[in-house]
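Chemist: Here it is, the structure, as structure tokens.
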Amino acid sequence: RKEREGLVSSPRSPPPPPPSHTRLATTSSSSSLSSFAPQARQGYQAQGTRTTTVKRTKAELEECLPPSLAKRKFRLKEPMDRFVTIVRTVDEAKRVVEYLSQPRMEKLIFACDTETVNVDPTSESPVGKGEIVCFSLFAGPGGINFAKLANTVELKEIDIYKKVKKANKSQSVQDIKSTRLWVDTTGDEGRKILEVFKEWFCNERFKKIFHNWSFDGHLLANQGIEVAGFKGDTVHMARLWDTSRQGRGGYKLSSLMQDLLGWGKTDMKEVFGRFKLKKDGTPGKVVYLPDSLTLQTDPDVTMFEKWIHYSTYDTICTWYLYFSLRKELEKMSWTPDAIVYQNEKLRTRKDRTLFTFYDCFWRPFGQILTDMERKGMYIDKDYLRQQAKIAEKDKQNRTE
């Protein structure tokens, strides 16, 4: 696979949170987070945003977009949208869900992502474990605007946006466009907010994509939300596109974004890593990563801004990665056998590419596997204990 040359700006900085008792005031114009800035905690280390570049032709940048967006000349360069709409009350959630339930939203594809606590995705299953502290949605650079629905803030402390022209203080909400949605789900109010969004998540009319669908799907299911309208998982698509990425960045969102688009997110530990304090109170050399809830309730407003950027930026990357991988899979031919031709979905399609295979078979299969993980399977515990004793005896006999 030929390396892509060149240049396209790329950010890498996430955003942090305010204390749970602090609420951003809703105004008719974009809100400033500076009024919520208490003293920053000591011992924090946050790396600045880095910029990498990749040279892409106009055709290459636009070819991965859906036709409706390509006609509007949107490109797959790094987006410079610096406004985020924040939902922290039930009333705001109801307004957003009503907006998202419009018929025209059925034509869009929503990237979804959750931030969680009390579960380690690298070592344990999320089935029945973990809690969602926030989630975010992004449906592309056009066709949607959350600014009028809830409190909208401008990200002023994120490196990549510092060169972008700032909004005037007198700028009204009618002049602002916010394509990112961030929803706080902590506390009793957060649980009520999730209940409001349940109707939308469970509606198959609205298409949702994820990066590592099984994890987010299980976490939402733990809250009683059985997601419908599953349109794709960029991890599965990436594995179908290139099965040899182990040792070359794997299938992490940051790695895939760099290889395909030349920009993307920075590792969470690099952005939010903190020096572990020594016994004398001075910072040591060991860097640890606080959990999501700690970051979300950090009293430093700059950290809160980075946390919001980080969590919503995941959905931006997922959305752009989906269309990029889709275009790559559409370039790869696929010849189904006679039995496969009997599939109803396949008979109605003229295209015969690996994306056809993914959409007709891998995508629904991925959803089935997630359902199987959640339900599990029955085992005979007594028989299993007996076999364990026999195995232990065999082990001892062999060692003797």
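The values are calculated or read from the model by the stated rules, or taken from the named source; none is laboratory data. Quick caveat, the model's predicted, so the values are computed rather than measured. Cβ coordinates were reconstructed from backbone atoms using ideal geometry, including for glycine residues, and neighbour counts include every protein chain displayed. Just so you know, the surface numbers come from the protein's heavy atoms only, side chains and all, with ligands and any DNA or RNA stripped out. Shrake-Rupley method; radii C 1.70, N 1.55, O 1.52, S 1.80 Å.
Chemist: Could you pull the Cα extents of the range 325-399 along its three principal axes, largest to smallest, in whole Å?
Modeler: That gives 61, 28, 26 Å along the principal axes, largest extent first.
Chemist: Another one. Please list, by residue number, everything in the range 361-378 whose backbone N is under 18 Å from a paramagnetic label point 7 Å out along Cα→Cβ of residue 129.
Modeler: Those under the cut-off are 370-377.
Chemist: Using a/c under 1.5 as the rounded threshold, could you call the range 83-332 rounded, prolate or oblate? The axes a ≥ b ≥ c are square roots of the C-alpha gyration tensor eigenvalues, and prolate needs a/b larger than b/c, oblate otherwise.
Modeler: rounded
Chemist: Sticking with this structure for a sec: Percent of accessible area on the range 243-283 owned by carbon and sulfur, 1.4 Å probe?
Modeler: Percent of accessible area from carbon and sulfur atoms in the range 243-283: 52.
Chemist: Keeping all protein chains in the complex and leaving out DNA, RNA and ligands, what accessible area do you get for residue 99 with a 1.4 Å probe, in Å² to the nearest 10?
Modeler: The accessible area of residue 99 comes to roughly 40 Å².
Chemist: What does the C-alpha gyration tensor say about the overall shape of the range 269-400? Classify as rounded when a/c is under 1.5, otherwise prolate if a/b is larger than b/c, or oblate.
Modeler: Oblate.
Chemist: Output ³J(HN,Hα) for the range 280-288: one whole-Hz value per residue in order, computed from phi by the Karplus curve 6.51 cos²θ - 1.76 cosθ + 1.60 with θ = phi - 60°, and x for Gly and Pro.
Modeler: In residue order, the calculated couplings are 7, x, 8, x, x, 9, 6, 9, 10 Hz.
Chemist: Looking at the range 360-400, which trypsin sites (Lys or Arg not before Pro) are DSSP coil and have at most 10 other C-beta atoms within 10 Å of their C-beta?
Modeler: Passing sites in the range 360-400 do not exist.
Chemist: Rolling a 1.4 Å sphere over the protein heavy atoms, what is the accessible area per residue of the range 83-332, to the nearest Å²?
Modeler: 39 Å²
Chemist: Now a separate question. In the range 175-214, whose amide N lies under 18 Å from the spot 7 Å out along Cα-to-Cβ of residue 373? List them in ranges.
Modeler: Once the point is set 7 Å along Cα→Cβ of residue 373, 208-214 turn out to lie under 18 Å by backbone N, inside the range 175-214.
Chemist: Shifting gears a bit: Please compute the length gained on full extension between residue 148 and residue 120, using 0.36 nm multiplied by the number of residues separating them and subtracting their Cα-Cα distance.
Modeler: 6.5 nm
Chemist: Compute the length gained on full extension between residue 289 and residue 189: take 0.36 nm times their separation in residues and subtract their Cα-Cα distance, giving the result in nm to one decimal.
Modeler: Length difference between fully extended and current span is 33.3 nm.
Chemist: Less than 19 Å from a label point 7 Å out along the Cα-to-Cβ axis of residue 244: which backbone N atoms in the range 316-331 qualify, by residue?
Modeler: Within reach of a label on residue 244: 328-329, 331.
Chemist: Further question: Could you work out how much longer the chain between residue 106 and residue 352 gets when fully extended? Use 0.36 nm per residue separation minus the Cα distance between them, nm to one decimal.
Modeler: Stretched fully, the residue 106-residue 352 segment lengthens by 86.1 nm.
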